[in-house]
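Asker: Have a look at the structure that comes next, please.
The values are calculated or read from the model by the stated rules, or taken from the named source; none is laboratory data. The structure displayed is predicted, hence computed values, not measured ones. Each accessible area value is taken on the protein alone, full model and side chains, heavy atoms only, with ligands, DNA and RNA left out. Shrake-Rupley method; radii C 1.70, N 1.55, O 1.52, S 1.80 Å.
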Amino acid sequence: MPSDDSPQQNRAMSQPITDNTLIRSVACDVCGARMLWTQSVWSDEADPIARAAYRCDNGHVVDPAQTPQCPNCGVHDTVQLASGEFKCSRCSTLFTVPR
Ligand SMILES: [Zn+2]
Ligand SMILES: [Zn+2]
């Protein structure tokens, strides 16, 4: 169906944004399903405002603190290394997150 009227199309200047940027390159570690960056699926008692997080097709949600946003390309497709640094799965940028 035609979808020409998406009101909030936030396109970066030179980066084509596709649905692919919302899919995590690492599968769900519980069930192995693909994980999709989803709005308003994460909350806890200390922070009742629902936040975006990776959620798999079967409803498992990853703590967004484990997938901080890459400072270089802006995706949350990141993994923590044994050293404590995070590495972006898209652009391989290494970065740390202040605790
Ligand atoms: Zn899962
Ligand atoms: Zn990146």
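Asker: How much length is gained if the chain between Glu85 and Ala52 is pulled fully straight, taking 0.36 nm per residue apart and subtracting their Cα-Cα distance, in nm to one decimal?
Answerer: Stretched out fully, the Glu85 to Ala52 stretch lengthens by 9.7 nm.
Asker: Taking only protein heavy atoms and a 1.4 Å probe, what accessible area per residue, in Å², does the range 36-99 have with all protein chains in place?
Answerer: Per residue, the range 36-99 has 62 Å² of solvent-accessible surface.
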